[in-house]
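The values are calculated or read from the model by the stated rules, or taken from the named source; none is laboratory data. Everything numeric here is computed off the predicted structure, so don't read it as measured data. Ideal geometry is used to build each Cβ from the backbone, glycine not excepted, and the neighbour counts take in all protein chains shown. Just the protein is used for accessible areas: all its heavy atoms, side chains included, with ligands, DNA and RNA removed. Shrake-Rupley method; radii C 1.70, N 1.55, O 1.52, S 1.80 Å.
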Amino acid sequence: MRLRGNKRRTTDDRAEVRGTSGLAVELRGVRRQYGRGSDAVHALAGVDLALPRGTFTAVMGPSGSGKSTFLQCAAGLDRPSAGSVRLGGTEITGMRENQLTELRRSRLGFVFQAFNLLPSLTVEQNVLLPMRLAGQRRDRRRAAEVLAQVGLADKAGRRPGELSGGQQQRVAIARALVADPDVIFADEPTGALDTNTATEVLGLLRHAVDVLDATVVMVTHDPAAAAWADRVLFLADGVFVGGLDGGSAERIAARMAALSSRTGVMAGAAA
Ligand code: ADP
């Protein structure tokens, strides 16, 4: 993904280094249960998923279907009750907390609804923060490169508070790209943005996949946002119940409406 002339690592190189089969994310039989006995909530009830590198996947589902839990488990922020998660070919299940933290900093990128930038740091310092926390050399050329890729080459010295919401999310995308991660996890990345700005941010994520060879997994409730993905996966009651490849916002919205009414009926029947 990192465009650095002949230093650019290819997918094949990475597969060789990490002994992988080209899958960025792999979940097998993942379950996440909250509570026990008759009060137990099965937030994830057996999730299997294999996402190749260089793909853009959206995850949708009605409220309470397990989207947040999925993202947390897939990104090593929460531990499944059962099953296995592999990121970039590395099994993370059973990793110690410090290993997980190091993996998140060096091999994953995150884009959140609320941008999550540190207000006291400059744009450049925010972009370099994951590398700094991972104890890596401060690579200002790399920061300039990713800031240019998101169209903010001239904002390196600014503070987040001096930027618009869309620009702040671009900084967050640059920060997610900086370490050349195996996967970028995006949690409602356009939830706080107006339609035009949202379109720019989604275009950037699309560009990251198409041109920079990134892999993006995005949770969203917005069919227009999901339509930017190669594939939309639908969650209901903690399991994936279907997918849509290259669907328009209208088709995605129709599938969501059907799913919500179905789970609504089921919830009603169970109540
Ligand atoms: P979504 O993101 O799709 O709205 P969540 O992953 O947040 O869904 O939640 C899935 C289910 O797990 C819901 O029934 C929710 O109430 C439950 N849940 C999530 N987090 C917890 C928790 N910390 N304790 C108990 N139940 C939880």
For this session: Find out how many positive minus negative residues lie around Gly246, taking Lys and Arg as positive, Asp and Glu as negative, among other residues whose Cβ is under 14 Å from that of Gly246.
Result: 0
Seminar exercise, completed: To the nearest Å², the heavy-atom accessible area per residue of the chain with 1.4 Å probe amounts to 45
Exercise. Counting each DSSP H run of 4 or more residues in the chain as -39500 (n - 2.57), what helix-only mean residue ellipticity at 222 nm follows after dividing by all residues, to the nearest 500 deg cm²/dmol?
Worked result: -11500 deg cm²/dmol
Problem set entry | 10 Å binning of all Cα-Cα separations within the chain, expressed as whole percents from 0 upward | 7, 29, 35, 22, 6, 1, 0
Problem set entry | Under-5 Å amide H pairs with Val59, H placed in peptide plane, nonlocal only | Met218, Val219, Thr220, Leu233
Exercise. For region 11-270, what % of the accessible area comes from carbon and sulfur atoms, probe 1.4 Å?
Worked result: 49
Exercise. Nearest 20 debye, what's the magnitude of the dipole of region 11-270 about its Cα centre given +1 on Lys and Arg Cβ and -1 on Asp and Glu Cβ?
Worked result: 600
Exercise. What helices in the chain pass both tests, a Cα length along the helix axis of 30 Å or more and a mean Kyte hydropathy of -1.0 or higher, using whole DSSP H runs?
Worked result: 249-270
